[in-house]
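This report refers to the structure that appears directly beneath it.
Each reported figure results from applying straightforward, stated rules to the coordinates on display, with no laboratory input. What you are looking at is a predicted structure, and each value in this text was computed from that prediction instead of being measured. Here the Cβ positions follow ideal geometry from the backbone for every residue, glycine too, while neighbour counts run over all protein chains shown.
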């Protein structure tokens with residue numbers, strides 16, 4: 001079970017939920033273990049269904065970083081702030097779902113004794129903290145180092161010097177590695193439930209944005225593919241990174257590797273602005289950039305059943321009443 005949670009955490013770290021500006025997009029969320037986290041302007045809520053059919057909810061108020069510090073209302077910076085806060089919320093939501101899963105498993109095993117070693121909150125705290133470092137290292141290795149090594153190998157073999165060509169090939173390898181990573185995850189049986197809850201979250205957001213009454217029947221009419229999904233965002237990041245990394249000229253492998261890490265906030269901020277603009281202007285050319293992400297969501301979302309949609313709706317409703 002511990003390995004299962006680590007897989008979920010790695011996935012969360014690579015495909016965090018993307019919110020948008022407060023004046024355009026009111027809700028957003030992400031799937032967790034047997035549940036959904038939803039965020040609204042007032043706060044956030046996590047709803048998790050246990051095996052006995054009961055639903056556990058955690059919710060709290062939330063202030064955006066832009067509300068706390070005006071500097072984060074500026075373009076680029078607002079994207080960095082929103083994405084950073086979304087990642088923190090995602091980890092917090094995942095932790096809650098882990099705690100519920102561990103509590104339920106221990107109850108099924110008939111654990112009568114409870115001490116600090118068996119306390120779910122203590123277990124999950126160590127689990128989350130202990131998993132963050134390997135998850136971060138795994139992502140850097142998989143999505144930064146491996147594509148860079150492959151591109152450097154091709155450059156050595158073919159002898160090209162163009163910085164734009166180098167970063168273009170690097171970006172292509174990054175997409176291939178990322179898609180292969182997601183597809184491999186999709187073959188794991190326990191991940192299908194997460195994809196289904198992901199689909200339930202998207203259907204519920206669509207239902208809310210349509211201004212129709214929130215209901216399972218209404219939500220099920222909508223697609224599981226949503227343009228503001230974190231999956232779409234990550235593909236936009238790849239395209240933007242090709243341009244940004246090509247502006248600076250870095251010769252050594254170490255310099256190229258460090259530049260990709262240091263410039264990541266800038267790349268993320270620009271990518272956020274593109275997603276935000278395309279959401280506000282659905283007929284613009286920038287909408288084309290988000291289209292491949294919709295195709296990729298055919299892997300990361302699956303049609304949910306009514307019970308899963310109920311959980312997504314419950315999470316959204318609770319987030320609106322904080």
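Distance between the modelled labels on residue 55 and residue 322, one decimal in nanometres: 1.8 nm (7 Å Cα→Cβ projection). Label sites at residue 239 and residue 92, each approximated as a point 7 angstrom past Cα along Cα to Cβ, lie 3.2 nm apart. Multiplying the residue separation of residue 184 and residue 146 by 0.36 nm and subtracting their alpha-carbon distance yields 12.0 nm. Report the FRET efficiency, 1/(1 + (r/R0)^6), for residue 42 and residue 299, where r is their Cβ-Cβ distance and R0 is 45 Å, rounded to 0.05. So, using R0 = 45 Å, E works out to roughly 0.90. Per-peptide packing, taken as the mean over residues of other Cβ atoms within 10 Å, places 314-320, 147-153, 239-245, 60-66 in the sequence 314-320, 239-245, 147-153, 60-66 from highest down. In the stretch 62-103, the alpha-carbon atoms span a convex hull of 47 Å³ per residue. Length available on full extension from residue 223 to residue 139: 0.36 nm per residue minus the Cα-Cα distance, which gives 27.3 nm. Going from the residue with the fewest nearby Cβ atoms within 10 Å to the one with the most, 280, 203, 108 rank 108, 280, 203. Between residue 264 and residue 165, the C-beta separation translates, for a Förster distance of 25 Å, into a calculated FRET efficiency of about 0.70.
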